[in-house]
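Report on one structure; see the data block that follows.
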Amino acid sequence: MSTGTHEYADDPRNAEILISVNGALKKRAEAVVSVFDSGFILGDGVWEGLRLSDGAIAFLDGHLDRLFEGAAALDLDIGLSRQELTARIAACLQANGMRDGVHIRLMVTRGIKATPYQDPRVTISDATIVIIPEYKAPKPEIAEKGISLFTVHVRRTGPAEQDQKINSHSKLNCILACIQATKAGADEGLMLDPDGFVATCNSTHFFIVRRGELWTSTGDYCLGGITRGEIINAAREAGIAVREKRFSLTDVYGADEAFVTGTFAGLVPVREVDGRQIGAVRPGFTPIVPRLRELYKERVKAHAKPLV
């Protein structure tokens, strides 16, 4: 079964990886947290996905900015400085002898509770910090053939409900969107904002190309995507007009190109939305997605921080 932009080939090396649990290196089967942990009980925590290529992590500062800002919004004390957290990531990678083709899930929860209850005051431990590095690369055929999207009924909420700027463990709205898209036979769900304008996808950010211009949402109802921001910067530096604006599904159905972005797979074309073939309205246009992909690869190399 396809898992869209996150589809990958199993790597037997992952069976022997060491996972960092509060600084202790554990084998995969032994890497566990308490059933009283805030993340397990309530989804109370923040996380980041990182990629290791040639011994370096691209855009690490941006990822750490987002992690610490999310923790601050949740009034969650990570307990480590940025430098200490970076050193712990490096130590985990070095213990595994990893240098390339690695996806890292960095997770921080509020910690262990005295009893299953939401109040942070019943937390009785320091934050739980888990680092899972895996040999994991996106399947090339996904980027070649593109993915299909289905517009789901689950909306992206405003900050009064659950602020989408926080990359929290509480992802139930995205999970429900993913389920609906999967049931509809699509790879991922396209999500709208409360007024019905296009916001983002359930696990990636969404862009369209119209008449040589790059359009994406205002960003008011989606996570501050690291890859999203780098694509926008790369396009503007290359002289491509970028519009961060509200637009509707009608604009999407008539787009010349569409694609999604994320840390794991980078830039992935969208071939179809709600059964409509993207690019069918105005055939013969000059595509800019291949150019953007190359520009993004250049930025990854230019903004990589060596760790191992």
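Evaluating 6.51 cos²θ - 1.76 cosθ + 1.60 at θ = phi - 60° for every residue in the stretch 36-41, the Karplus couplings come out as 9, 5, 4, x, 6, 6 Hz, glycine and proline recorded as x. Over the stretch 4-137, all Cα pairs binned in 10 Å intervals from 0 give whole-percent P(r) values of 12, 41, 34, 12, 1, listed from short to long. The alpha-carbon atoms of the stretch 128-185, seen along their principal axes, cover 40, 35, 18 angstrom, with the largest extent given first. Taking amide hydrogens as placed 1.01 Å from N in the peptide plane, the amide H of Ser170 sits under 5 Å from those of Gly45, each at least 5 positions away in sequence or on another chain.
Please compute the length gained on full extension between Lys139 and Thr286, using 0.36 nm multiplied by the number of residues separating them and subtracting their Cα-Cα distance.
On the way: separation 147, 0.36 × 147 = 52.92 nm, distance 2.57 nm.
Here the answer is 50.3 nm.
The slack in the chain from Ala238 to Arg121, taken as 0.36 nm per residue of separation less the alpha-carbon distance, amounts to 37.1 nm. The H on the amide N of Val270, modeled in the peptide plane, is under 5 Å from the matching H of Ile147, Ala258, Phe259, Val260, each at least 5 residues off or on a different chain. Taking the longest Cα principal axis of the chain as reference, the axis of helix 226-237 is set at about 40 degrees. For Glu298 and Glu69, the FRET efficiency from 1/(1 + (r/R0)^6), where r spans their Cβ atoms and R0 equals 30 Å, is about 0.65. When +1 charges are put on Lys and Arg Cβ atoms and -1 charges on Asp and Glu Cβ atoms, the dipole computed for the stretch 67-176 relative to its Cα centre reaches about 220 debye.
Distances between placed amide hydrogens fall under 5 Å for Lys113 paired with Asp37, Ser38, Ile124, all partners being 5 or more residues away or on another chain. Work out the charge dipole of the stretch 141-304 with +1 on the Cβ of Lys and Arg and -1 on the Cβ of Asp and Glu about the Cα centre, then indicate which of Gly279, Val152, Gly219 is farthest towards its positive end. Farthest along the dipole direction, towards plus: Gly279.
Across the stretch 54-67, computed HN-Hα scalar couplings (Karplus, 6.51 cos²θ - 1.76 cosθ + 1.60, θ = phi - 60°) run 6, x, 9, 10, 6, 6, 4, 4, x, 5, 5, 4, 5, 4 Hz from first to last residue, x flagging Gly and Pro.
With charges set only on the Cβ (+1 for Lys and Arg, -1 for Asp and Glu), what does the dipole of the stretch 164-246 come to about its Cα centre, in debye to the nearest 20?
On the way: 10 positive and 9 negative charges, 18 e Å.
Using Cβ point charges on Lys, Arg, Asp and Glu, the stretch 164-246 gives about 80 debye.
For the chain, the longest principal axis of the C-alpha atoms and the axis of helix 82-96 are separated by about 90°. Computed from the C-beta positions of Ser34 and Ala184, the FRET efficiency with R₀ = 41 Å rounds to 0.65. With a threshold of 25 Å on the Cα-Cα distance, the over-threshold entries among Lys113/Lys171; Lys183/Lys297; Lys27/Lys297; Lys26/Lys113 are Lys183/Lys297; Lys27/Lys297.
Quick one: order Thr216, Thr204 by neighbouring beta-carbon count within 10 Å, fewest to most.
On the way: Thr216 24, Thr204 30.
If I rank by nearby Cβ atoms, fewest first, I get Thr216, Thr204.
Computed from phi, the 3J(HN,Hα) profile of the stretch 209-221 under the Karplus parametrisation 6.51, -1.76, 1.60 (θ = phi - 60°) reads 10, 9, 6, x, 9, 9, 10, 8, 5, 5, x, 5, 10 Hz, with x in place of Gly and Pro. Once the chain from Ala15 to Asp54 is taken as fully extended at 0.36 nm per residue, the excess over their C-alpha distance is 11.9 nm. Coordinate range of the alpha-carbon atoms in the stretch 141-304 per principal axis, descending: 38, 37, 30 Å.
The angle between the Cα long axis of helix 172-183 and the main principal axis of the chain comes to about 50°, on a 0 to 90 degree scale.
Estimated from helical segments only, the mean residue ellipticity of the chain at 222 nm is -8000 deg cm²/dmol, where each DSSP H run of four or more residues counts as -39500 (n - 2.57). Given the chain, report the % of alpha carbon pairs whose separation exceeds 23 Å. Within the chain, distances greater than 23 Å cover 58 percent of Cα pairs.
The numbers here are math on the coordinates, done by the rules we state, and not lab data. Nothing here was measured: the structure is a model prediction, and the numbers come from that model. Positions of Cβ are generated from backbone atoms using ideal geometry, with glycine treated the same way; all protein chains shown enter the neighbour counts.
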